[in-house]
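Enquirer: Dropping the structure in here first, questions after.
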Amino acid sequence: MDCERIVSGFLGQPANALSSLAFLVSAVWILIIAFRRERTTRVALFVLAVAVAANAVGSFARHGPDPSWSPWAHDAAIMAVLLFIPVHALARIRGWRPHVEIGGYGIGLVTVGLGLAAIHGASDPLAVTLAAGAVLGEVATVTGDRRTRWTAGMGTKAAARGLGLAAIALGGVAYLLGQTGSPLCRPESLFQWHALWHVLVAVSLVAYAYALSVRPKVLAASA
C-alpha cells in the first residue's frame, strides 16, 4: 500500500493523485524531444510518450476517483513502459525497422494486458520480469555503445543516463519509504513519499528518452 490516507471526494489520495500528472508533463517533454529527431528515433519516442501518458491516466484514476477499471489501467500502464525498454533495445541490436519494432511491442502489450486481466496477482511478478528485461536491455545497449569509438555525443548520452539512473534509484528509495507501515509513513501529511516516487520516475523517463534520442557520430568501429 502507498501510505496516504484515503479521503472522501474525487481525489481519494490528493498528493498521490496530483503527483501522477508528472507523467503527463514527462510525456509532453518526450514528444518535444521526438520532434527534433530523425524519423526512426521519432517513432520510438512517440510510442514511449503514449506509454508514459497512460501512466498519468492510470495512476491518477487509481489514486483519485478509483473506478473499477483503475487497478488494471494502473498496472497495464506501468508494464507498457517497462516493456518498451527491452523491446527497443532488442530492436536496436537486431536492426529492426520501426514497423517491426512497433508490431512486436504491440503484440507484447496485448499479451501483457490480457495476462493482467486474466491472472489475479500477475502484476508483481510480471513487473519484476519486465524490469529485469529492461535492465538487461540497457546493459546490452551501453555495452554496444562502448564497443564503438565516437567523435561526439557520448558525454551527453552518458550524462542523461546518469541522471535517469540517479532519479530511478532515489525514486526506489522514496517508493519503499512511502509504503504503509514504513517508519516514515504519515498518512495525514501533505507530503507523501509515493508522490515523490511519481515525480522521480517521470524525471527518469525524460532522461531515458533524451539518452535514447542522442545519436553520436561514429569515428571507427573498434576491433
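Enquirer: Tally Lys and Arg at +1 and Asp and Glu at -1 over the other residues with C-beta under 15 Å from the C-beta of residue 11: what net charge comes out?
Expert: With Lys, Arg at +1 and Asp, Glu at -1, the neighbours total -2.
Enquirer: Based on DSSP H runs of at least 4 residues, each adding -39500 (n - 2.57), what is the mean residue ellipticity at 222 nm of the chain after dividing by all its residues, to the nearest 500 deg cm²/dmol?
Expert: -24500 deg cm²/dmol
Enquirer: Pulled fully out, how much extra length does the chain show between residue 140 and residue 159, if you take 0.36 nm times their separation in residues and subtract their Cα-Cα distance?
Expert: Gain on stretching residue 140 to residue 159: 5.1 nm.
Enquirer: A further question follows. Given 0.36 nm per residue, what is the gain on full extension from residue 35 to residue 21 after removing their alpha carbon distance, in nm?
Expert: Full extension of this stretch gives 2.9 nm more.
Enquirer: Then there's this: Find out how many positive minus negative residues lie around residue 207, taking Lys and Arg as positive, Asp and Glu as negative, among other residues whose Cβ is under 14 Å from that of residue 207.
Expert: Once all neighbours under 14 Å are counted, the net charge is +1.
Enquirer: Shifting gears a bit: Run the dipole for the chain about the Cα centre, Lys and Arg Cβ at +1, Asp and Glu Cβ at -1, nothing else charged, and hand back the magnitude in debye, nearest 20.
Expert: 1180 debye
Enquirer: Something else about it: For the chain, what's the relative contact order in percent, using C-alpha pairs closer than 8 Å and at least 6 residues apart?
Expert: 29 percent
A short reminder: the numbers here are calculations on the coordinates, not readings from a lab. As the structure is a computational prediction, the values presented were derived from the model and not from experiment. As a convention, Cβ positions derive from the backbone with ideal geometry for all residues, glycine included, and neighbour counts pool all protein chains shown.
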